[in-house]
Amino acid sequence: MFSKLPVRVIVLLAFFTLLVGSSVLADDGRINRAPYHFGGDTLFCNQEKGCTLLNKEGHDLANWPQDDIATAFAASDQSGQNTKVKGEGKGTYGPMQLWAVSPDETTGNNKLCLIGFDEWGKQNDMCFEVTKDTHYEQAPLPVTEADHSCDRWSVGDWVELIADHSKYGEINSIDLSNHMVNFGKSETVAKCSEIELGPR
């Protein structure tokens, strides 16, 4: 049966299946994703059950019911202080706490923060928003500061290594993704932040 279908149709069907599958996974109530790491434990939240912590095998570790979360939000709103949601979870690698914190100033949405541990005993945390209609948003990915150290350099510029002025020469190439330069006849490799204007 499939042998009569053109290859393009099969490829398109496979792509569509992957696309649909990934969109379902993206909105399954999962709050933490990389880089938020709790030793494989994952927090799922929805309006009916509140927030449930599962281990990597999918077994329940803890649950914070919606009523307790709403109570913590009300207390935080009234006092202006962070308020712990009733109960403490037992994560795979240590205690887990859920906290209601001050609402987001721009959206007015409530915020929750999960505090727990990973397999190395390192304490980790993540915060995420809960909309006014009780939709739990995924924890946003942290914003990393852009590295602009290569912006001032161009291929052909003469530079020297700040730590060793005997290493100098013309920039041969710039690797913007890794913020590195290759310069001089000996093809010295250094970070863009480790060089300065050098002699010609």
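Residue 86 passes all but one of (1) in contact with a helix residue (DSSP H, G or I) (Cβ under 8 Å, 6 or more places away or on another chain); (2) on the phi > 0 side of the Ramachandran plot; (3) not aromatic (Phe, Trp, Tyr); which number fails?
All conditions pass for residue 86, except number (2).
I'd like to know if segment 2-13 contains one or more residues that are at negative phi, at pLDDT 50 or above and not in a helix (DSSP H, G or I).
Taking segment 2-13 and keeping what is at negative phi, we get 2-13.
Pick out the ones that are also at pLDDT 50 or above and you get 4, 6, 8.
Next cut, not in a helix (DSSP H, G or I) only: 6.
So far as segment 2-13 goes, yes, one or more of its residues are at negative phi, at pLDDT 50 or above and not in a helix (DSSP H, G or I).
So for segment 144-151 (the condition being touching a strand residue (DSSP E or B) at 6+ places or on another chain (Cβ under 6 Å) and either in contact (Cβ under 8 Å) with a residue 60 or more places away in the chain or not charged (D, E, K, R) (or both)), does at least one residue qualify?
First pass over segment 144-151, keeping only residues touching a strand residue (DSSP E or B) at 6+ places or on another chain (Cβ under 6 Å): 150.
If we keep only those that are either in contact (Cβ under 8 Å) with a residue 60 or more places away in the chain or not charged (D, E, K, R) (or both) too, we end up with 150.
Scanning segment 144-151, I find at least one residue that is touching a strand residue (DSSP E or B) at 6+ places or on another chain (Cβ under 6 Å) and either in contact (Cβ under 8 Å) with a residue 60 or more places away in the chain or not charged (D, E, K, R) (or both), so the answer is yes.
For residues in segment 37-47 being surrounded by fewer than 18 Cβ atoms within 10 Å (Cβ to Cβ) and out of contact with any Gly (no Cβ under 7 Å at 6 or more places or on another chain), which is nearest to residue 100 (Cα to Cα)?
Restricting to residues being surrounded by fewer than 18 Cβ atoms within 10 Å (Cβ to Cβ) and out of contact with any Gly (no Cβ under 7 Å at 6 or more places or on another chain), the top hit is 47.
Please determine whether any residue of segment 160-180 is surrounded by 16 or more Cβ atoms within 10 Å (Cβ to Cβ) and among the acidic types (Asp, Glu).
Yes: segment 160-180 contains one or more residues that are surrounded by 16 or more Cβ atoms within 10 Å (Cβ to Cβ) and among the acidic types (Asp, Glu).
Counting only residues that are open to solvent by 50 Å² or more (accessible area, probe 1.4 Å) and part of a helix (DSSP H, G or I), which one in segment 71-97 is nearest to residue 44 (Cα to Cα)?
Only one residue tops the list, namely 71.
Of the residues 139, 146, 100, only one is open to solvent by 50 Å² or more (accessible area, probe 1.4 Å), hydrophobic (A, V, I, L, M, F, W, C) and out of contact with any His (no Cβ under 7 Å at 6 or more places or on another chain); which? Before you say what the answer is, go through the steps one by one.
Details: 139 fails: open to solvent by 50 Å² or more (accessible area, probe 1.4 Å); 100 fails: open to solvent by 50 Å² or more (accessible area, probe 1.4 Å).
Step by step, each of 139, 146, 100 is checked, and only 146 is open to solvent by 50 Å² or more (accessible area, probe 1.4 Å), hydrophobic (A, V, I, L, M, F, W, C) and out of contact with any His (no Cβ under 7 Å at 6 or more places or on another chain).
Just checking, which of 144, 92, 107 is at pLDDT below 90, within 19 Å of residue 35 (Cβ to Cβ) and hydroxyl-bearing (Ser, Thr, Tyr)? Let's see the steps before the verdict.
Numbers: 92 fails: at pLDDT below 90; 107 fails: within 19 Å of residue 35 (Cβ to Cβ).
Only one candidate passes the filter, namely 144.
Restricting the search to segment 57-70, which residues are within 27 Å of residue 118 (Cα to Cα), open to solvent by 90 Å² or more (accessible area, probe 1.4 Å) and either in contact (Cβ under 8 Å) with a residue 24 or more places away in the chain or not in a loop (DSSP other than H, G, I, E, B) (or both)?
Residues of segment 57-70 that are within 27 Å of residue 118 (Cα to Cα), as a first pass: 57-66, 68-69.
This time we only want the ones that are open to solvent by 90 Å² or more (accessible area, probe 1.4 Å), so: 57, 59-60.
60 - this is the single residue of segment 57-70 that is within 27 Å of residue 118 (Cα to Cα), open to solvent by 90 Å² or more (accessible area, probe 1.4 Å) and either in contact (Cβ under 8 Å) with a residue 24 or more places away in the chain or not in a loop (DSSP other than H, G, I, E, B) (or both).
Go through (1) more than 21 Å from residue 109 (Cβ to Cβ); (2) modelled with pLDDT under 90; (3) out of contact with any strand residue (DSSP E or B) (no Cβ under 9 Å at 6 or more places or on another chain) and name the single condition residue 59 misses.
Of (1) more than 21 Å from residue 109 (Cβ to Cβ); (2) modelled with pLDDT under 90; (3) out of contact with any strand residue (DSSP E or B) (no Cβ under 9 Å at 6 or more places or on another chain), only one is false for residue 59: (2).
Looking at (1) closer than 20 Å to residue 104 by Cα; (2) open to solvent by 40 Å² or more (accessible area, probe 1.4 Å); (3) in contact with a Pro (Cβ under 8 Å, 6 or more places away or on another chain), which one does residue 50 not meet, given that it meets all the others?
(2) is the only condition that residue 50 fails.
Going through segment 190-200 one residue at a time, which ones are surrounded by fewer than 13 Cβ atoms within 10 Å (Cβ to Cβ) and either in contact with a Leu (Cβ under 9 Å, 6 or more places away or on another chain) or without any contact (Cβ under 8 Å) to a residue 40 or more places away in the chain (or both)?
Matches in segment 190-200: 196 only.
The values are calculated or read from the model by the stated rules, or taken from the named source; none is laboratory data. All values reported here derive from a predicted model rather than from experimental measurement. When we count neighbours, we look across all protein chains shown, and the Cβ atoms used for this are built from the backbone with ideal geometry, even at glycine. These accessible areas exclude ligands, DNA and RNA; they are computed on the full protein's heavy atoms, side chains included. Shrake-Rupley method; radii C 1.70, N 1.55, O 1.52, S 1.80 Å.
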